[in-house]
Amino acid sequence: MPKQKDSHSSEPSFFGSATVGERGQIVIPAEARQKLNISAGDKLLIFSSHRDGHSMVVMKAERVTEFVSGAIARLSKLEEIARGEKK
């Protein structure tokens with residue numbers, strides 16, 4: 001089996017597949033739960049992809065603020081570049 005990237009890598013990892021059960025539930029593969037520090041009872045948020053709507057992103061609720069803050073910082077940097085500013 002190819003070596004998986006650690007959970008802090010900037011490249012995505014593939015952990016396997018899941019089948020949707022009759023009640024709409026899926027089982028997150030054990031390796032993904034371990035590497036992403038997901039435990040029973042954790043709250044996960046589900047987003048559709050921004051482009052096609054046929055993909056989804058699953059994120060721990062406690063990480064959303066960190067994710068949004070990082071996205072805002074990157075957008076601010078892009079605005080600076082677009083305006084020709086340097087910081």
Restricting region 33-62 to residues that are touching a Leu at 6+ places or on another chain (Cβ under 9 Å) and within 17 Å of residue 12 (Cα to Cα), which is surrounded by the fewest Cβ atoms within 10 Å (Cβ to Cβ)?
-> 57
Yes or no: residue 65 hydroxyl-bearing (Ser, Thr, Tyr) and not in a loop (DSSP other than H, G, I, E, B)?
-> yes
Within region 12-25, is even one residue on the phi < 0 side of the Ramachandran plot, in a helix (DSSP H, G or I) and modelled with pLDDT of 90 or more?
-> no
If you take the residues of region 53-87 that are at pLDDT 85 or above and in contact with an Asp or Glu (Cβ under 9 Å, 6 or more places away or on another chain), which of them is nearest to residue 36 (Cα to Cα)?
-> 60
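The values are calculated or read from the model by the stated rules, or taken from the named source; none is laboratory data. Keep in mind it's a predicted model, so treat the numbers as computed, not measured. Virtual Cβ from ideal backbone geometry, glycine too; neighbours counted across all protein chains shown.
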